[in-house]
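So the structure is just underneath, and the comments pick up after that.
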Amino acid sequence: MSRKRLHFSILLMCSLALDISACASETDVTALDVRSATFSQFRIGSAETRFGPLEFVGGLELRASNDDFGGFSAFRYLDVGRSFVGVTDTGFWYAGTMQRDGDGRPVSVADFRLAPIRSGEGDAVRGKRNGDAEGLDVSDGIATISFERNHRIAEYALDLDKFASTPVTLPLPMPRHELRTNRGIETVARSPAASPLEGARIAVSEMSLNAAGDMFGAVLEGPRKGVFYVARRDDFDISDGDFLPNGDLVLLERKFRVISGVSIRLRRIAADDIRAGATLQGTTMLEADLRSQIDNMEGLDIWQAEDGSTHLSMISDDNRSIVQRNLYLEFRLAE
């Protein structure tokens, strides 16, 4: 073999090796060692545990030595407060197991892994425009994810082993031209079967506003299918939502101001109010600012523990910033 042909063969082999390596890095599930710091006070410097109808159970600050760790935008438990799955706004699935002490308080996260969300062609979604996953519902083995920027809602078969499933894209429930680039569909949640929505999913935008200045939302299926609106109050935007067992919808909202920093709010909306054409109001369950252990809270899940109590869990998006934190907060509904 001539020196020229040998040189070409070596380059070709290296190119193939790089392609294989790149492919493997896209398809491999990455296991991470997550470090957890617990805290038992929600209001900083206060031993108070009761906040309106909610009782603080405990919280975690989560860290890991991986550039893709963070950006958590949605979170769902798959059982009674242990196995969980979520999505990030950078195009990843994440999953793990919540470890609890003898009193049921969260203490650490185990078996944590990351994997890229797939496109219709089976490739990892690339770039912020295509990978900005925001809302997540998991029901009957199907994960429904909403994406903003490239606005869409898609169903994935839940694959907690290889995370290799590809999407089935659903029709957008609201006019595409009404969805703002970085203020699109932030919430996807499924109502209880024994509720006025009869198990239908809903979607709510972060800050895509109608002419009256209210947020667009929609019921995706069932007898109440159609567009509704959520009244925007006090400059809060919607970051997630989920249903209580009785069918009431709880929306997680947040507000950021340069002087005061970030604030969050939980708003409860009566089940029977949710219907096409309605403008939803609701009542405040919880409001907190930086005097409490909060950050950019993005994900909300409502679930029932083994003792039948209803819990609300929130997770934050650190925006890959050294001044923000990945926090997990858990409350018990004390009604």
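Counting only residues that are closer than 12 Å to Leu197 by Cα and small (Gly, Ala, Ser), the range 212-243 holds 3 of them.
Return yes when Phe163 is touching a Leu at 6+ places or on another chain (Cβ under 8 Å), over 24 Å from Leu251 (Cα atoms) and at pLDDT 95 or above and no when it is not. Taking the combined requirement at face value, the residue does not satisfy it. With respect to the conditions (1) closer than 24 Å to Val85 by Cα; (2) among the polar types (S, T, N, Q); (3) more than 22 Å from the chain's Cα centre (by Cα), Thr279 falls short on a single one, namely (1).
Kindly provide the set of residues from the range 101-116 that are of a type outside the set (Ser, Thr, Tyr) and in contact with a strand residue (DSSP E or B) (Cβ under 6 Å, 6 or more places away or on another chain), ordered by number. Correct list: Asp101, Arg105, Pro106, Val107, Val109, Ala110, Asp111, Phe112, Arg113, Leu114, Ala115, Pro116. Taken together, Val87, Val138 contain a single residue that is aliphatic (A, V, I, L, M), in contact with a Leu (Cβ under 7 Å, 6 or more places away or on another chain), within 20 Å of Pro173 (Cα to Cα) and assigned by TED's automatic domain parsing to the domain that holds Leu329, which is Val138.
Determine if the range 94-102 includes at least one residue that is more than 22 Å from Gly135 (Cα to Cα), basic (Lys, Arg), modelled with pLDDT under 95 and over 19 Å from the mean Cα position of the chain (by Cα). No, the range 94-102 contains no residue that is more than 22 Å from Gly135 (Cα to Cα), basic (Lys, Arg), modelled with pLDDT under 95 and over 19 Å from the mean Cα position of the chain (by Cα). Applying the set (1) surrounded by 15 or more Cβ atoms within 10 Å (Cβ to Cβ); (2) in a loop (DSSP other than H, G, I, E, B); (3) of a type in the set (A, V, I, L, M) to Val323 leaves exactly one unmet item: (1). Against the conditions (1) acidic (Asp, Glu); (2) surrounded by fewer than 21 Cβ atoms within 10 Å (Cβ to Cβ); (3) in a strand (DSSP E or B), Asp137 satisfies every one except (2). Considering the conditions (1) part of a strand (DSSP E or B); (2) surrounded by fewer than 23 Cβ atoms within 10 Å (Cβ to Cβ); (3) under 14 Å from the mean Cα position of the chain (by Cα); (4) of a type outside the set (S, T, N, Q), Asp318 is excluded by exactly one of them, (1).
Of the residues contained in the range 154-176, one or more are found to be closer than 21 Å to Ser73 by Cβ, more than 21 Å from the chain's Cα centre (by Cα) and surrounded by fewer than 19 Cβ atoms within 10 Å (Cβ to Cβ).
The values are calculated or read from the model by the stated rules, or taken from the named source; none is laboratory data. Remember, it's a predicted structure, so these values are computed and weren't measured experimentally. Here Cβ is always computed from backbone atoms with ideal geometry, including for glycine, and neighbour counts include all displayed protein chains.
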